[in-house]
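Q: Sharing a structure, written as structure tokens. Questions coming.
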Amino acid sequence: MYLNLKRDYLVVSSVILEFVLGLSTISRGSPTEKLQWTFNLYDINGDGCITREEMREIINSIYNLLGRFTEPCVSAEATRDHADRVFDKLDMNKDGIVTFDEFLEICLHDENITKSLSLLDTVL
Ligand SMILES: [Ca+2]
Ligand SMILES: [Ca+2]
């Protein structure tokens with residue numbers, strides 16, 4: 001339990017840190033630069049692709065953050081559903097990972113995804 005809490009805390013902290021560090025880039029960058037930054041945020045272990053677990057982890061962290069500002073709280077299932085929906089849409093060739101090319105391709109053409117991915121923008 002303690003370990004889980006600690007891990008969640010670390011994930012949330014690193015998300016916030018990345019977000020703050022990225023703000024200056026994101027506000028001045030081109031759409032592609034913004035997406036590169038967002039992609040890196042979701043790619044927790046930095047191996048150049050996003051897995052379903054990473055997607056869930058980040059969306060979960062975002063909802064945890066949002067939970068402090070929204071009523072009622074979003075359920076764990078809803079969070080997971082959201083992550084899976086976004087992931088399934090991004091993983092075009094269904095090989096279980098999202099590469100930056102896939103990410104870019106989808107994001108540049110899908111406004112809903114872009115909105116979903118920039119949830120953080122709405123709270124900070
Ligand atoms: Ca990764
Ligand atoms: Ca893929």
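The values are calculated or read from the model by the stated rules, or taken from the named source; none is laboratory data. Note that this is a predicted model, so its numbers are computed, not measured. Ideal geometry is used to build each Cβ from the backbone, glycine not excepted, and the neighbour counts take in all protein chains shown.
Q: Any idea which residue in region 99-124 is modelled with the lowest pLDDT, counting only those that are in a helix (DSSP H, G or I) and hydroxyl-bearing (Ser, Thr, Tyr)?
A: If we take residues in region 99-124 being in a helix (DSSP H, G or I) and hydroxyl-bearing (Ser, Thr, Tyr), then Thr122 is modelled with the lowest pLDDT.
Q: Which residues, taken from region 43-55, are surrounded by 12 or more Cβ atoms within 10 Å (Cβ to Cβ), in contact (Cβ under 8 Å) with a residue 40 or more places away in the chain, near ligand 1 (Cβ under 9 Å from one of its atoms) and of a type outside the set (A, V, I, L, M)?
A: Cys49, Thr51
Q: Give the number of residues within region 74-103 that are surrounded by 13 or more Cβ atoms within 10 Å (Cβ to Cβ) and within 16 Å of ligand 1 (Cβ to nearest atom).
A: 11
Q: Ok, one more. Kindly indicate the residue of region 30-42 that is at pLDDT below 90 and buried (at least 16 other Cβ atoms within 10 Å of the Cβ) and also farthest from ligand 1 (Cβ to nearest atom) among those meeting that condition.
A: Selected residue: Lys34.
Q: Sticking with this structure for a sec: State the number of residues belonging to region 32-51 that are within 16 Å of ligand 2 (Cβ to nearest atom), outside any helix (DSSP H, G or I) and among the hydrophobic types (A, V, I, L, M, F, W, C).
A: The qualifying residues number 2.
Q: Out of all the residues in region 69-89, is one or more part of a helix (DSSP H, G or I), within 13 Å of ligand 2 (Cβ to nearest atom), more than 11 Å from the chain's Cα centre (by Cα) and at pLDDT 85 or above?
A: Yes, some residue in region 69-89 is part of a helix (DSSP H, G or I), within 13 Å of ligand 2 (Cβ to nearest atom), more than 11 Å from the chain's Cα centre (by Cα) and at pLDDT 85 or above.
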